[in-house]
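The values are calculated or read from the model by the stated rules, or taken from the named source; none is laboratory data. Predicted model only: the values in this text are computed from it and were never measured. Note: ideal-geometry Cβ built from the backbone for every residue, glycine included; neighbour counts use all protein chains shown.
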Amino acid sequence: MASIDLQPTENKSPSHQTTITGAEAVVQSLIQEGVDIAFGYPGGAIMPVYDALYDYQDRLHHVLARHEQGAIHAAQGYARASGKVGVCLATSGPGATNLITGIADAQIDSTPLVCITGQVPSHLLGSDAFQETDVIGISMPVTKWNYQVTKAEEIPLAIAKAFYIARSGRPGPVLIDITKDAQFQQLDFHYEKCSSIRSYREEPAIDIDQIEAAANAINEAERPYVLFGQGIILAEAEQEFKIFVEQGNLPAAWTILGLSAMETSHPLNVGMLGMHGNYGPNLLTNECDVLIAVGMRFDDRVTGDLEKYAKQAKVIHLEIDPAEINKNVFAHIPVMGNAKKTLPLLTQRLQKKDRSEWVAQFAECDRLEHEKVIQEELHPTKDILTMGEVIHILNEKTGGDAIIVTDVGQHQMVACRYAEFVQSKSNITSGGLGTMGFGLPAALGAALGAPNRTVVCVVGDGGLQMTIQELATVYQTQAKVKVLLLNNEFLGMVRQWQQLFFDKRYSSTEMINPDFQLLAKGFRMPTNQVTHRDQLDQALTEFIETDGAYFLEVMVGKENNVFPMIPSGSGVAEIRLD
Amino acid sequence: MEILDMEKQEFTITVYTENQVGLLHRITTIFTKRKINLESLTTSESEIEGIHRFTIAVTETEEQVIKVVKQIEKQVEVLKADYYKKKEVVQQELALYKIATETLTNGIEIERIVREHNARFLTIEREFVVIEKAGYKRETKALFDELEPYGIKEFVRSGRIAVARQQFGPGKEIEALLQTNSPSL
């Protein structure tokens, strides 16, 4: 390890030097980074930091989760709702390993996190000491950066680098592992924010030739089609994006992480991409002449079989991460850079063009999808309740202005398909990793990160039981989390696949569930259960209008399926409406 | 669309990095995640003070190598990563062969072989001698095959080291990056 260089690099810090412990330096560094809330769980190796937190309770609120996985998903939800870096604390060994699922989730979904773990004292490293785990080694493939601190004097610098790396460029999770002796040691504390690292480039330089080439291709296009992802939200480029698509009259479809970057009602918002996305956005991927991908990474759930994906189109890829270019889909015109900067440069060069005939093709597909799928899903003629009708009425109650946090599975696809949004950072879901158990703790974090907004956690009976203990954290924090349990007494998505592709052999997907009403009451939440359609409207009104947390369980059809669907391994144009 | 050769071939990847504990693991996991075998990996200093260098040998398709190099270059402590085809580098490997000293005293055959292969005796001890040979893998292998009948007690070959077949290596561009202010841990 190179020696530490504490020479200020730029912007001499105003903070004067004082001698404090490493643990206090951790807390003060967090405060210097503007952190006022952290999620975590104490334990032996991180105890000095928790002791230091005791003195700063008025400035840094610690949320005690009931499991480290709950803590990190809450930090993720907080980061996604607030746009700030989520902070998570855990002890060594099992505390640290329990963070790994959330770190992997944050890595694949580009969520800025700083995780601080305690570690056994440095003289015990490598001795298989009590609660020792090589968390640096374990977390390396799923962190943007990680670092082990063994000397107190490294703490301010390590934390400054951690925040800079986590939030800059393509964001991601960072882990700092701090040995217990370093937490006890004294240091001369001096904090300086990090603004550059010589071996790290936040974002690639913009190449005007690429912008020109992209603009020319779009101007010449008859059927240009935009796909947008979370890159828009992370760059806070929602406005720039809207002006861009309006200037070119470009129909635009979203990935589930891009959802809410553009309001649902916008006439150029044509819907959802991917396996359970809308009919037109998938089908017409293979009809467009120019495909413009903005801040998305061509996940296999979006593309289906790559051999049958947009082969006719010239592909323009606006992307901040050079490693994403040509990773899955060849980009004829890569446009490297931060979308907030590249989009306006592109818009300036776009000619206004009427593309109403092309946009009308999406409307025609939409009409067909309504007829075959949406009408019956939102206004069922059968007695059995559907997930879609619940989300449809929820939209009426929230006016589309809620943060919708979902778990993973059928309810997630239904919520993404039918929930309406009027503002950005309002859809929080585990997209890349598909982590069941994400929903409830992420909703808790979102509620604390956006305290003035209504936060609804749409969750299934499977995923809820993976992190149900966090209802206790909801109670302790008095966070206004509204849990909407869509209970089909099955692991619905797996069951759907078993029905369609495994000859209805329902292997380990039926759930004999606990009494969720009693459970929620045990967690001291107001609760209600809907079993019939005539109860639904009133129940959802009460659910939204009650000030504070609420647990609403809706019994939905046990064997309902989510359609449309692109069967795994098929091309986007092979989307099935039934 | 650029056309890449889809056949697997020999590539040398060079990576210039900060000197940081754990970086080796971070780089190797990029290969293991994709089930790519590292034929050899050598870490050393580079021409730039304080900057380390990894020299990695793989046999892969160019498309896959490009993706891996981008993933490596994305790592925070990596300054630059590049890849080269076989003809774009000057490369070398070093091999050591240990044989019994008595095989030497039974005639001049060993000395002839060593001379013909442009190898040399590194050390001659009472019980064993160590022969050193630098060259391509096929050359060190050829010497191995000739010495084998005499009994090789121990054999080792180093990883590939290589420099770019051009006036300046990647170091030229890295010098510019090093002007950036940066806190060093």
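Here is how the numbers come out for the structure above:
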{"quantity": "Candidates A:Ile468, A:Ile544, A:Ile575, A:Ile566 - the one that is under 24 Å from the mean Cα position of the chain (by Cα), within 30 Å of A:Gly304 (Cα to Cα) and modelled with pLDDT of 95 or more", "calculated": "A:Ile566"}
{"quantity": "Filtered residue count, the range A:527-577, keeping only those that are closer than 23 Å to A:Gln469 by Cα and surrounded by fewer than 15 Cβ atoms within 10 Å (Cβ to Cβ)", "calculated": "3"}
{"quantity": "Residues satisfying the stated conditions in the range A:341-390, i.e. of a type in the set (Ser, Thr, Tyr) and closer than 16 Å to A:Leu250 by Cα", "calculated": "A:Thr347, A:Ser356"}
{"quantity": "Unmet requirement for B:Glu111, which otherwise passes all of (1) of a type in the set (Asp, Glu); (2) in contact (Cβ under 8 Å) with a residue 60 or more places away in the chain; (3) farther than 30 Å from A:Arg170 by Cα", "calculated": "(2)"}
{"quantity": "Residues of the range A:87-98 that turn out to be more than 16 Å from A:Gln469 (Cβ to Cβ) and not in a helix (DSSP H, G or I), as a count", "calculated": "6"}
{"quantity": "Flag if A:Lys521 is in the same structural domain as A:Met413 (by TED's automatic domain parsing), over 23 Å from A:Arg417 (Cβ atoms), surrounded by 15 or more Cβ atoms within 10 Å (Cβ to Cβ) and not hydrophobic (A, V, I, L, M, F, W, C)", "calculated": "no"}
{"quantity": "Verdict on A:Pro141 being facing chain B (nearest Cβ under 10 Å), touching a residue at least 40 places away in the same chain (Cβ under 8 Å) and either buried (at least 22 other Cβ atoms within 10 Å of the Cβ) or not in a loop (DSSP other than H, G, I, E, B) (or both)", "calculated": "no"}
{"quantity": "Set A:Ile103, A:Ile116: member being buried (at least 21 other Cβ atoms within 10 Å of the Cβ) and under 17 Å from A:Gly437 (Cα atoms)", "calculated": "A:Ile103"}
{"quantity": "Breaking point among (1) crowded, with 19+ Cβ neighbours inside 10 Å; (2) touching a residue at least 24 places away in the same chain (Cβ under 8 Å), for B:Arg126", "calculated": "(1)"}
{"quantity": "Cβ-Cβ under 6 Å pairs, at least 6 apart or on other chains, the range A:515-540 side at positive phi, far side of a type in the set (Phe, Trp, Tyr)", "calculated": "A:Arg524/A:Tyr475"}
{"quantity": "Selected residue (criterion: nearest to the chain's Cα centre (by Cα)) from residues of the range A:151-161 that are more than 10 Å from every other protein chain (Cβ to nearest Cβ) and under 19 Å from A:Ala90 (Cβ atoms)", "calculated": "A:Ile159"}
{"quantity": "Conditions (1) part of a loop (DSSP other than H, G, I, E, B); (2) farther than 28 Å from A:Ile333 by Cα; (3) more than 10 Å from every other protein chain (Cβ to nearest Cβ); number of the one not met by B:Glu7", "calculated": "(2)"}
{"quantity": "Tabulated pairs, the range A:67-92, first on the phi > 0 side of the Ramachandran plot, second at pLDDT 95 or above and buried (at least 24 other Cβ atoms within 10 Å of the Cβ), C-beta under 9 angstrom, 6+ apart or interchain", "calculated": "A:Gly83/A:Pro112; A:Gly83/A:Ile233; A:Gly83/A:Leu234; A:Gly83/A:Gly449"}
{"quantity": "Search result, residues across the range B:32-61 that are free of Cβ contacts under 8 Å to residues at least 60 places away in the same chain, farther than 21 Å from A:Asp321 by Cα, within 14 Å of chain A (Cβ to nearest Cβ) and not β-branched (Val, Ile, Thr)", "calculated": "B:Lys35, B:Glu45, B:Glu49, B:Gly50, B:His52, B:Arg53, B:Phe54"}
{"quantity": "Selected residue [surrounded by fewer than 18 Cβ atoms within 10 Å (Cβ to Cβ) and away from chain A (no Cβ under 14 Å)] from B:Gln92, B:Gln64", "calculated": "B:Gln92"}
{"quantity": "Residue match in the range A:73-86 (condition: more than 13 Å from A:Gly449 (Cβ to Cβ), assigned to a helix (DSSP H, G or I) and assigned by TED's automatic domain parsing to the domain that holds A:Gly34)", "calculated": "no"}
{"quantity": "Subset of the range B:151-185 [exposed (fewer than 15 other Cβ atoms within 10 Å of the Cβ) and part of a helix (DSSP H, G or I)]", "calculated": "B:Lys172, B:Glu173, B:Glu175, B:Ala176"}
{"quantity": "Output for the range B:14-31, where each listed residue is more than 10 Å from chain A (Cβ to nearest Cβ) and of a type in the set (Ser, Thr, Tyr)", "calculated": "B:Thr14"}
{"quantity": "Yes/no for A:Ala450 being buried (at least 23 other Cβ atoms within 10 Å of the Cβ), assigned by TED's automatic domain parsing to the domain that holds A:Gln517, over 19 Å from A:Gly557 (Cβ atoms) and aliphatic (A, V, I, L, M)", "calculated": "no"}
{"quantity": "Within the range A:313-367, considering residues that are part of a helix (DSSP H, G or I) and either of a type in the set (Phe, Trp, Tyr) or farther than 23 Å from A:Leu268 by Cβ (or both), the one farthest from the other protein chains (Cβ to nearest Cβ)", "calculated": "A:Phe362"}
{"quantity": "Number of positions in the range A:170-197 that are part of a loop (DSSP other than H, G, I, E, B) and within 13 Å of A:Glu154 (Cα to Cα)", "calculated": "4"}
{"quantity": "Listing of strands (runs of 3 or more DSSP E) fully contained in the range B:62-150 that carry 1 or more residues being in contact with a Pro (Cβ under 8 Å, 6 or more places away or on another chain) and within 30 Å of B:Leu178 (Cα to Cα)", "calculated": "B:78-85"}
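Per-residue answers, yes or no, for (1) among the basic types (Lys, Arg); (2) more than 14 Å from chain A (Cβ to nearest Cβ); (3) touching a Phe, Trp or Tyr at 6+ places or on another chain (Cβ under 8 Å):
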{"residue": "B:Ile72", "(1), (2), (3)": "no, no, no"}
{"residue": "B:Lys98", "(1), (2), (3)": "yes, yes, yes"}
{"residue": "B:Gly107", "(1), (2), (3)": "no, yes, no"}
{"residue": "B:Glu111", "(1), (2), (3)": "no, yes, no"}
{"residue": "B:Ile124", "(1), (2), (3)": "no, yes, no"}
{"residue": "B:Glu127", "(1), (2), (3)": "no, yes, no"}
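A quick yes/no check of all residues on (1) under 26 Å from A:Gln28 (Cα atoms); (2) under 21 Å from the mean Cα position of the chain (by Cα); (3) of a type outside the set (Asp, Glu):
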{"site": "A:Cys115", "(1), (2), (3)": "yes, yes, yes"}
{"site": "A:Phe163", "(1), (2), (3)": "yes, yes, yes"}
{"site": "A:Gly169", "(1), (2), (3)": "yes, yes, yes"}
{"site": "A:Glu192", "(1), (2), (3)": "yes, no, no"}
{"site": "A:Arg198", "(1), (2), (3)": "yes, no, yes"}
{"site": "A:Ala217", "(1), (2), (3)": "no, no, yes"}
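Residues checked against (1) in contact with a Leu (Cβ under 9 Å, 6 or more places away or on another chain); (2) over 14 Å from A:Thr91 (Cα atoms); (3) within 10 Å of chain B (Cβ to nearest Cβ); (4) aliphatic (A, V, I, L, M):
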residue: A:His123; (1), (2), (3), (4): no, yes, no, no
residue: A:Glu132; (1), (2), (3), (4): yes, no, no, no
residue: A:Tyr147; (1), (2), (3), (4): yes, yes, yes, no
residue: A:Gly169; (1), (2), (3), (4): no, yes, yes, no
residue: A:Asp177; (1), (2), (3), (4): no, no, no, no
residue: A:Phe184; (1), (2), (3), (4): no, yes, no, no
residue: A:Phe189; (1), (2), (3), (4): no, yes, no, no
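Per-residue answers, yes or no, for (1) under 30 Å from B:Asn106 (Cβ atoms); (2) in contact with a Gly (Cβ under 8 Å, 6 or more places away or on another chain); (3) within 14 Å of chain A (Cβ to nearest Cβ):
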position: B:Arg138; (1), (2), (3): yes, no, no
position: B:Ala142; (1), (2), (3): yes, no, no
position: B:Glu146; (1), (2), (3): yes, no, no
position: B:Ile152; (1), (2), (3): yes, no, no
position: B:Gly159; (1), (2), (3): no, no, no
position: B:Ala162; (1), (2), (3): no, no, no
position: B:Gln166; (1), (2), (3): no, no, no
position: B:Pro170; (1), (2), (3): no, no, yes
position: B:Leu177; (1), (2), (3): no, no, yes
